[in-house]
Structures are given as C-alpha cells and as structure tokens.
Amino acid sequence: MTKKLRNDFADKSTGNSGGKYYETKGHAINAFDGVLKEFGHTLDLNQLVDYNGDTGRANHDVLDGNGKVVGCAIFSWYRMDSGRYEFIGYLA
C-alpha cells in the first residue's frame, strides 16, 4: 500500500482535513472503504467484525483486487453526545 493511500485513508478520520463526525458507524466504514476502492482495494466485508457499543475498536483485513489480504484496517469509534460518531482509521 502506498503512502498516498495511507494518507487518504487516514484523512477520513474525524478531525483530519477530510474527516467529519459520522451519522452512523456504517457511514464511516463506507467512507473508509471508498478510499480503498479508489486504489483497487477493499475491506473484507465478509469478516465478522463487532461494531457494537458506543465506543470500541475493530480490525478488518484489506483485500486487493484478487481477494488477497494485503493489510489491515484498524478502526476506533466514540459516540458523541450529539449522537454522531467520531471515527479514527489507519492502515497497517
């Protein structure tokens, strides 16, 4: 994975230049996955990942166009008093 991909992915985190507070956890995951798709990758959405609760942390495998694992996406979230979610994501 390139430095540009990592930076663009991290920019979807709340508080970064492109980041925002998300309406739902699904909106956040879709925003991060959208960046991956621009680079020919995707989150492994077939994995059983636990996004329960108002705060948490989860990992997703990152797949290339052939379905091969090429990295890991790490997410953490916190539900604000407004009901929106603060989301932080990075690639390893």
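The values are calculated or read from the model by the stated rules, or taken from the named source; none is laboratory data. Because the structure is a prediction, the values reported are computed rather than measured. So basically every Cβ, Gly included, is an ideal-geometry build from the backbone, and we count neighbours across all protein chains shown.
Observations on the model:
- So residue 56, is it assigned to a loop (DSSP other than H, G, I, E, B) and small (Gly, Ala, Ser): no
- Sole residue being assigned to a strand (DSSP E or B) and within 14 Å of residue 29 (Cβ to Cβ), chosen from 62, 49: 62
- Some residue of segment 68-75 being surrounded by 11 or more Cβ atoms within 10 Å (Cβ to Cβ) and under 12 Å from residue 12 (Cβ atoms): yes
- Some residue of segment 27-38 being at pLDDT 90 or above, farther than 23 Å from residue 83 by Cα and part of a strand (DSSP E or B): no
- Residue 30 satisfies every condition listed in (1) in contact with a strand residue (DSSP E or B) (Cβ under 7 Å, 6 or more places away or on another chain); (2) without any contact (Cβ under 8 Å) to a residue 40 or more places away in the chain except (1).
- Verdict on residue 8 being modelled with pLDDT under 95, in a loop (DSSP other than H, G, I, E, B) and either out of contact with any Cys (no Cβ under 6 Å at 6 or more places or on another chain) or acidic (Asp, Glu) (or both): no
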